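The values are calculated or read from the model by the stated rules, or taken from the named source; none is laboratory data. What you are looking at is a predicted structure, and each value in this text was computed from that prediction instead of being measured. Every residue, glycine as well, gets a Cβ built from its backbone with ideal geometry; the counts of neighbours run over all protein chains shown.
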Amino acid sequence: MSITERTAKKQKLVSTASSGTISRPEETEDGTLTHKNDSLIQIPDNEVIDERESRPQVPIPKRTMPPYTLPDPLEHSRTPSHDDVFPYGKRNKTSSVPAVMPAGYSVPFTDDNYEVPVISKSRILDNVHHEQRTLINDNADDFIAILPFGGGQGWSDAYPNAAGAIRAFIDGIDLEDKGSWDLVPARPARARKDFWAAPWALFLTGCSTDLRNFLLYQAVFPLHEPGASFFALPLSDDPNWFWLKLTGDGVSEGKEVKKLEAMAALKRKIWSNKDVLKVVRAYQAKEPQSELAMKATSPQHAVVDLTKSFRIIYNPPDTHRGNNEHRYIILGRPMSQDKSEQAGVKSAVQGIKPFVSRSGRFFNVNKDTSGCIWCKSDLHVSQDCPYPNVGEGWCGPTREELEWLAQKARAWKGPRAEEGPQREVRGTPERPRGRGGRSPNRGRARGYPDQRGRGRGRGQNRGPSRDDWYDAAAATSYWGPQQPSADGSGWD
């Protein structure tokens, strides 16, 4: 039926109704109501019009958000956020006292209140052998990091008795149940010639709940034995608050305004960096319920919120490391508790190219994570470490002793050959791999097989002997400067 025919029938129905010929409905035998005018309109079922669907659809206007306006980076840097979760500056013995405390100790130590360094699990496990690192990562609650004061790859050479002293101290803690504990040294994944290079820690495993609770509550253990003072730290999954360091001619000791100008210049670069925006946008899509995604109206807004917790700390040159650079340390709350997500955004931030502040001073982004060589903190340089000379009764090393050891460490030539992993050597003893190693005597003076000749062979027995370090190791087997013995056989 066409539209014209239907319209005509409706008009006929209207005219009939107006003439008064329409009567009331009548009830039929089956109880249904009928009307005599029902026959006037006959519309096939397949042509019934759904009035709701037939209505014209008015497009709903899209809600447009106003463009996000970047704040003033200088004002944004004056009051960092998240003071309540800032992890640094906390002290030991501030949590609830363990239900079971030791009755005494057979080895004395300074039992006092100290600041506890903040070191993430990823830094503690840096350069730890893959097998060991995987085991500890999968069972972090079963281990405690025993971090010697001044630990590093040279620590066991300088203090051959220190590990035994730490073991003796733990063994002398008077607790009824200490469990079947063991103290396992970290095996390095790669040998390095830096005395302070990671790994730094030993790992305590198999200890009882009472022993674990006490060690983490006390946290700082200054001991008389040279090199044996240590920190007991949990292997926390929380990412480190360290983001980067700034170097360059714009870094200098001075008024607070200089640091704020540097932070403002850095934030301007971060807020407009495409790589950072890309990572944050992907994080918002993956974690829509996260705080950063819920509050921000755009990826750029999220990046601004991310940098609100940033703090800047000035560090002078580290004289114990022999470093002459002035640095600004940038600390901030991690974007995510997931290590891979945090590593992604941190890598993007650390990839920012050199930039200038309002005054025209240059800054370079430096991702070096090295901190204090003694307590491994990010907040200060080695000579400013707060632990030596902290007060009367201190059993640990003094500041003068640390300065002496720092000088000795610069002459260290790396771990002894019989200790630690060895670099894989391809080839055979008869034909070792490498230039100059095809003949056992290549590169040596003819007739003098134990001496080097004019050749620059790089084969077997290359380089000077490391025996000269062993005397230095003996010299550092206890704290304090020593002098060579009269007969030249060693150190007094």
Of 308, 258, which residue is in a helix (DSSP H, G or I) and in contact with a strand residue (DSSP E or B) (Cβ under 9 Å, 6 or more places away or on another chain)?
258
For residue 158, the lone unmet condition from (1) within 12 Å of residue 229 (Cα to Cα); (2) hydrophobic (A, V, I, L, M, F, W, C); (3) modelled with pLDDT under 90 is (1)
Is it true that some residue in the range 139-148 is surrounded by fewer than 19 Cβ atoms within 10 Å (Cβ to Cβ) and touching a helix residue (DSSP H, G or I) at 6+ places or on another chain (Cβ under 7 Å)?
yes
Among the residues of the range 212-254, write down those that are of a type in the set (A, V, I, L, M, F, W, C) and over 25 Å from residue 156 (Cα atoms).
214, 241, 242, 243, 244, 246, 251
Identify the residue in the range 317-331 that is out of contact with any Lys or Arg (no Cβ under 8 Å at 6 or more places or on another chain) and surrounded by 17 or more Cβ atoms within 10 Å (Cβ to Cβ) and, among all such residues, is farthest from residue 118 (Cα to Cα).
326
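Yes or no, residue by residue, for (1) of a type in the set (A, V, I, L, M, F, W, C); (2) in contact with a Leu (Cβ under 8 Å, 6 or more places away or on another chain); (3) not in a loop (DSSP other than H, G, I, E, B):
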site: 341; (1), (2), (3): no, no, yes
site: 358; (1), (2), (3): no, no, no
site: 368; (1), (2), (3): no, no, no
site: 371; (1), (2), (3): no, yes, no
site: 374; (1), (2), (3): yes, yes, no
site: 386; (1), (2), (3): no, no, no
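Looking at the range 342-359, is at least one residue in contact with a strand residue (DSSP E or B) (Cβ under 9 Å, 6 or more places away or on another chain), of a type in the set (Gly, Ala, Ser), assigned by TED's automatic domain parsing to the domain that holds residue 280 and touching a residue at least 24 places away in the same chain (Cβ under 8 Å)?
Yes; the residues of the range 342-359 include at least one that is in contact with a strand residue (DSSP E or B) (Cβ under 9 Å, 6 or more places away or on another chain), of a type in the set (Gly, Ala, Ser), assigned by TED's automatic domain parsing to the domain that holds residue 280 and touching a residue at least 24 places away in the same chain (Cβ under 8 Å).
One line per residue, one yes/no per condition, for (1) farther than 22 Å from residue 315 by Cα; (2) over 29 Å from the mean Cα position of the chain (by Cα); (3) among the β-branched types (Val, Ile, Thr):
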| residue | (1), (2), (3) |
| --- | --- |
| 366 | no, no, no |
| 370 | no, no, no |
| 385 | no, no, no |
| 390 | no, no, yes |
| 394 | yes, yes, no |
| 402 | no, no, no |
| 410 | no, no, no |
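Hey, which of the helices (runs of 4 or more DSSP H) in the range 96-200, taking only ones fully inside, have at least 3 residues that are within 21 Å of residue 374 (Cα to Cα)?
Of the helices (runs of 4 or more DSSP H) lying wholly inside the range 96-200, those with at least 3 residues that are within 21 Å of residue 374 (Cα to Cα) span 121-124, 155-158, 162-171.
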Has the range 162-177 got any residue that is modelled with pLDDT under 90, among the small types (Gly, Ala, Ser) and either buried (at least 19 other Cβ atoms within 10 Å of the Cβ) or out of contact with any helix residue (DSSP H, G or I) (no Cβ under 9 Å at 6 or more places or on another chain) (or both)?
no
